[in-house]
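Take a look at the structure set out below.
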């Protein structure tokens with residue numbers, strides 16, 4: 001019957017810890033995207049932002065890019081005309097061939113990140129660029145490369161975390177530098193609350209997870225390493241060091257111990273602002289174990305983010321909280337651990353020349369150099385909203401001699417600056433696989449609706465572009481089905497992708513697994529390298545240091561810009577219902593700072609530094625320590641009155657490791673502007 005109800009189980013592939021199960025309910029032409037009631041994470045409910053967007057802009061033909069577009073006016077003016085796929089591919093291939101003929105492939109850059117995290121849509125396009133020999137904007141440098149580098153020095157890997165099912169055995173879960181209430185809402189709602197152990201949150205922001213924790217330590221940004229050393233001082237003083245574990249599994253612990261004497265709780269309080277009594281309490285609870293340590297993405301986005309990660313990463317081995325039930329740490333759980341062969345999906349063997357890469361922190365400088373870059377292809381990313389030095393970036397992207405291609409579902413700010421815009425399919429419109437970076441699971445992303453307009457999945461776009469370029473290697477046009485089957489089988493799903501679809505989500509291991517249970521670490525020594533010769537060779541201190549960032553100069557404030565509860569990075573920023581939930585852009589100011597400047601709730605203020613200036617509404621609330629301002633990242637600039645978001649204040653400072661973002665190190669001045677009517681949020685511009 002035409003109105004018979006069908007349910008298709010699929011998975012959310014967003015850049016989120018939860019990897020929620022989704023139930024797409026169809027009855028005739030009516031489609032509703034809901035949480036899968038049988039999925040242990042989503043439990044029948046999506047987070048607020050996904051529930052709105054997947055039933056709103058993501059299926060709204062007025063919002064979606066429905067067919068290829070060619071720029072016909074000045075860059076940035078949004079003047080496009082619709083063209084056929086054949087013409088679009090001919091234009092793109094022609095321009096790329098011309099660059100290769102004149103200058104080789106290196107002036108062709110591609111730029112991508114986690115707009116979707118399903119395996120094929122994320123990794124298959126790399127086959128094209130590996131064959132081409134193109135340059136790349138280093139993906140993780142916009143986010144967390146400093147953490148990957150730091151944990152690599154110490155543990156040999158950053159992507160082998162604890163099994164979240166271990167929470168049932170943990171006496172303590174310490175969440176350091178993560179905000180599950182915004183970035184892992186189902187873990188906040190269910191996982192943390194159902195765990196029997198005490199929850200400790202370490203974060204400068206008093207977010208909902210911190211409020212509900214048993215203990216909240218609120219350090220001034222940039223002082224986390226000092227806090228970790230003060231905790232280690234207490235742990236040693238109380239006789240809670242696991243010296244047997246350190247002797248068996250680590251090297252060069254003595255280079256930390258020699259630093260601990262002065263790092264008393266009183267010293268820790270002076271360095272961090274956290275009361276000494278709380279430092280002692282947290283140290284005892286964590287060391288008492290067994291304990292899990294969740295290392296958040298925000299923790300590494302600081303000027304000393306790498307050192308901070310190494311310092312906090314000392315806590316598990318120092319207390320023996322590894323290799324046993326209820327113990328471990330997590331930054332990410334990578335797909336390779338589960339059996340995913342990333343090299344196969346990416347076609348690593350197609351590359352015949354060394355990879356040339358630049359940091360996102362250097363993208364403006366690169367774009368301003370015509371001899372370095374002649375073409376830019378952006379996919380799975382919205383750099384015009386997410387990257388630093390925003391005004392400078394927008395100017396650089398307007399170079400008439402720069403050929404820019406953007407692949408996206410929507411007319412983002414980046415798309416407005418493109419020469420060619422190609423319509424990408426949403427995750428609801430094609431099959432793929434999702435590997436959670438929190439749980440040790442593998443999930444099917446099953447096609448639930450037909451692609452809108454002429455939209456295509458990323459992988460199909462690059463198959464067609466490879467053909468247009470005249471490339472003949474079979475890997476460049478390999479269909480999805482055999483790859484999905486290989487991945488599923490390699491991860492233990494004997495029946496391949498069809499069997500995975502039937503189950504929706506599977507645990508790669510049936511029972512919880514302990515992290516580093518075998519005591520083997522992929523470091524040069526085979527042990528945890530408390531001090532690292534590789535780090536020293538790269539110009540860093542061999543061992544973590546008990547250092548802190550300098551406090552802002554008088555009249556300056558530290559600016560934090562973490563995730564909004566209503567955005568996924570910049571995704572969903574064009575949905576009118578999401579915009580209504582967010583309201584006008586605002587900055588949260590501690591009451592002590594507001595009183596000094598005579599600022600009240602709702603006042604207009606200006607944030608300014610050497611990079612830019614931004615006006616917004618003031619919100620007065622004690623969510624951060626005094627001297628720290630709080631705003632949300634990655635709103636769509638074109639949806640805001642000033643055509644700029646908080647990245648207009650971000651100079652692109654690099655962290656100490658990995659040439660990665662230190663966005664949480666921004667300092668600004670704060671200028672009161674008095675009472676006034678806030679600039680309204682503009683409605684998103686639909687595709688023409």
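Say whether the condition of being farther than 16 Å from residue 562 by Cβ, without any contact (Cβ under 8 Å) to a residue 40 or more places away in the chain, surrounded by fewer than 24 Cβ atoms within 10 Å (Cβ to Cβ) and touching a helix residue (DSSP H, G or I) at 6+ places or on another chain (Cβ under 8 Å) is met by at least one residue in the stretch 165-172. Within the stretch 165-172, none of the residues are farther than 16 Å from residue 562 by Cβ, without any contact (Cβ under 8 Å) to a residue 40 or more places away in the chain, surrounded by fewer than 24 Cβ atoms within 10 Å (Cβ to Cβ) and touching a helix residue (DSSP H, G or I) at 6+ places or on another chain (Cβ under 8 Å).
Could you please find all residues in the stretch 55-94 being closer than 13 Å to residue 461 by Cα and part of a helix (DSSP H, G or I)? Passing the criteria: 85, 86, 88, 89, 90, 92, 93. Mind listing just one residue for me: the one in the stretch 469-480 that is in a helix (DSSP H, G or I) and without any contact (Cβ under 8 Å) to a residue 40 or more places away in the chain and, of those, surrounded by the most Cβ atoms within 10 Å (Cβ to Cβ)? Checking each candidate, the answer is 477. Scanning the stretch 398-430 for residues that are in contact with a helix residue (DSSP H, G or I) (Cβ under 9 Å, 6 or more places away or on another chain), over 30 Å from residue 480 (Cα atoms) and surrounded by fewer than 24 Cβ atoms within 10 Å (Cβ to Cβ) gives 399, 402, 416. Specify the residue that is nearest to residue 181 (Cα to Cα); the eligible residues are those in the stretch 25-39 that are without any contact (Cβ under 8 Å) to a residue 60 or more places away in the chain and surrounded by 16 or more Cβ atoms within 10 Å (Cβ to Cβ). Step by step, filter the stretch 25-39, then rank; the result is 35. A single entry from 72, 65 fulfils the requirement of being touching a strand residue (DSSP E or B) at 6+ places or on another chain (Cβ under 6 Å) and surrounded by fewer than 17 Cβ atoms within 10 Å (Cβ to Cβ): 72. On the stretch given as the stretch 411-436, residues that are closer than 19 Å to residue 448 by Cβ and not in a helix (DSSP H, G or I) total 9. Entry remark, the stretch 173-199: residues being more than 21 Å from the chain's Cα centre (by Cα) and within 14 Å of residue 20 (Cα to Cα) number 1 in total. Give me the residue from the stretch 624-638 that is crowded, with 19+ Cβ neighbours inside 10 Å and over 19 Å from the mean Cα position of the chain (by Cα) and, out of that set, farthest from residue 414 (Cα to Cα). Out of the qualifying residues, it is 625.
Confirm whether residue 26 is over 27 Å from the mean Cα position of the chain (by Cα), outside any helix (DSSP H, G or I) and not assigned by TED's automatic domain parsing to the domain that holds residue 418. Taking the combined requirement at face value, the residue satisfies it. When residues in the stretch 377-407 are screened for being closer than 20 Å to residue 635 by Cβ and assigned to a loop (DSSP other than H, G, I, E, B), 6 of them pass. Considering the stretch 200-220, and only residues there that are part of a helix (DSSP H, G or I) and within 22 Å of the chain's Cα centre (by Cα), the residue that is surrounded by the most Cβ atoms within 10 Å (Cβ to Cβ) turns out to be 209. On the stretch given as the stretch 84-104, residues that are farther than 28 Å from residue 430 by Cα and either without any contact (Cβ under 8 Å) to a residue 60 or more places away in the chain or out of contact with any strand residue (DSSP E or B) (no Cβ under 9 Å at 6 or more places or on another chain) (or both) total 8. Helices (runs of 4 or more DSSP H) fully within the stretch 506-599 that include at least 3 residues being over 30 Å from residue 273 (Cβ atoms), without any contact (Cβ under 8 Å) to a residue 12 or more places away in the chain and outside the structural domain of residue 114 (by TED's automatic domain parsing): 533-537. The number of residues in the stretch 570-591 that are over 18 Å from residue 667 (Cβ atoms) and over 25 Å from the mean Cα position of the chain (by Cα) comes to 1. Where helices (runs of 4 or more DSSP H) fall entirely within the stretch 221-301, those with at least 3 residues that are modelled with pLDDT of 95 or more and within 24 Å of residue 626 (Cβ to Cβ) are at 224-237, 265-272, 276-288.
Within the stretch 658-677, the presence of a residue that is buried (at least 17 other Cβ atoms within 10 Å of the Cβ), modelled with pLDDT under 95 and either on the phi > 0 side of the Ramachandran plot or assigned to a loop (DSSP other than H, G, I, E, B) (or both) is excluded.
The values are calculated or read from the model by the stated rules, or taken from the named source; none is laboratory data. The model shown is predicted, which means the values in this text are computed figures rather than measured ones. Cβ sites come from the backbone with ideal geometry, for glycine too, and all protein chains shown count toward neighbours.
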